[in-house]
Amino acid sequence: MTSYQIKKLTMFLAIQNLIVTTNASILAQMPHFNEIFDKFKDFVALLLQQSIIQSQPISGYKELKTNVQNNMIDQAFAISVNIIAFAEITNNIVLKNSVNYPLSTLYKIPEIACIDACRNISKVAHDNLNDLTDYNVTTTTIDALNAAIDNFSALFPLPKDHINIKKMATNDIKETTTLASTQLDITDALVKMLLTTQPEFTNRYFSLRRIQQLAYSKLALKVNITDPNKNPLGKVKITCPTLTFTKPKYTTQLGNFQLKHIPSEVYAFTFTKPGYQTLTTNIPITAGERTQLKLTLTPNP
């Protein structure tokens, strides 16, 4: 991907994260929004897949695939454990058995069966969402799991002719970027309908909508994390399966986190803090350029 395409993908992912964490009652005020946003998400998922295929050498493809699968399994298992806790308390044996996948089994079963199991956990969670609020199963955690499933599914099939597929991905990235941008252009018009009634949401949306002018710097990534009231969140733990940290990484008291000298790649970062819902998001990094993001953690119900 070119540096400009990576900047656009960074913006796409930030917008997607904002929409997923926005109250549904706000989004409902925009006609046909769900239909447009679903198309946008599909294009972003495709663009992410294309960028991964283009940037990964064949020798690293298996490792990448394993990391993406592990992220999906971890999120699915965390939700299943909470569902099982509810089932135990309510003596709902059928519900318990429907999601009772040992973690070791999820790691061992064939990849397609693993996807099916994770999708089943997501469906059961969605079908019982009203009863699971007190068990830290929310639309946000379910959406995060679905995104992880989509990311892993997007890596199929394994490339038989990696060189040709990389060339195809390079050609397709431009087209997919244009298609995603078109959906956002439509979204812009809808969001403008809320300028007076939802100023906080619209200001946040159009702030993210602008492509950051990233200066060349040794500092590769700078993230600021707040709660929904824009209060900075310190002591947020940051993990990334494809990066090795010499010691645990946490945000400062001002909610800031930064990394230097990161190779160009799309990284899956997970942000956790007791009392808040876990957030996992994909962040594209371009070597020699600085990526800046603002993220929000939602308190547990």
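Please go through the range 1-42 and give me each residue that is open to solvent by 50 Å² or more (accessible area, probe 1.4 Å) and not polar (S, T, N, Q), ordered by number.
Within the range 1-42, M1, Y4, A24, A28, P31, H32, E35, D38, K39, K41, D42 qualify.
N82: more than 20 Å from V20 (Cα to Cα), in a helix (DSSP H, G or I), of a type outside the set (V, I, T) and open to solvent by 40 Å² or more (accessible area, probe 1.4 Å), yes or no? So that I can check it myself, show each step before the final result.
On the way: more than 20 Å from V20 (Cα to Cα): yes; in a helix (DSSP H, G or I): yes; of a type outside the set (V, I, T): yes; open to solvent by 40 Å² or more (accessible area, probe 1.4 Å): yes.
The answer is yes for N82.
Report, ordered by the first and then the second residue, all pairs with beta carbons closer than 6 Å, sequence separation of six or more or different chains, a first member in the range 91-120 that is without any contact (Cβ under 8 Å) to a residue 24 or more places away in the chain and under 15 Å from I79 (Cα atoms), and a second member that is aliphatic (A, V, I, L, M) and part of a helix (DSSP H, G or I).
Short answer, once both residue conditions are applied: K96/I84; K96/A87.
Between a first residue in the range 242-260 that is within 16 Å of T281 (Cβ to Cβ) and a second residue that is in a loop (DSSP other than H, G, I, E, B) and among the basic types (K, R), which pairs have beta carbons less than 7 Å apart while being 6 or more apart in sequence or on different chains?
T251/K235
Any idea how many residues of the range 181-196 are over 22 Å from the mean Cα position of the chain (by Cα) and open to solvent by 80 Å² or more (accessible area, probe 1.4 Å)?
Within the range 181-196, residues that are over 22 Å from the mean Cα position of the chain (by Cα) and open to solvent by 80 Å² or more (accessible area, probe 1.4 Å) number 4.
Has the range 244-258 got any residue that is of a type outside the set (G, A, S), touching a Ser or Thr at 6+ places or on another chain (Cβ under 7 Å) and either within 28 Å of T139 (Cα to Cα) or surrounded by 15 or more Cβ atoms within 10 Å (Cβ to Cβ) (or both)?
Initial filter on the range 244-258 (of a type outside the set (G, A, S)): 244-254, 256-258.
The next check asks that each one be touching a Ser or Thr at 6+ places or on another chain (Cβ under 7 Å); those that pass are 257.
From what is left, the residues that are either within 28 Å of T139 (Cα to Cα) or surrounded by 15 or more Cβ atoms within 10 Å (Cβ to Cβ) (or both) are 257.
Looking through the range 244-258, at least one residue is of a type outside the set (G, A, S), touching a Ser or Thr at 6+ places or on another chain (Cβ under 7 Å) and either within 28 Å of T139 (Cα to Cα) or surrounded by 15 or more Cβ atoms within 10 Å (Cβ to Cβ) (or both).
So, of the residues in the range 154-178 that are open to solvent by less than 70 Å² (accessible area, probe 1.4 Å) and under 30 Å from R204 (Cβ atoms), which turns out to be modelled with the lowest pLDDT?
A154
The values are calculated or read from the model by the stated rules, or taken from the named source; none is laboratory data. From a predicted model like this one, the values you see are computed outputs, not experimental measurements. For neighbour counting, all protein chains shown are included, and Cβ atoms are generated from backbone atoms with ideal geometry for every residue, glycine included. Calculation scope for accessible area: heavy atoms of the full protein, side chains included, ligands and nucleic acids excluded. Shrake-Rupley method; radii C 1.70, N 1.55, O 1.52, S 1.80 Å.
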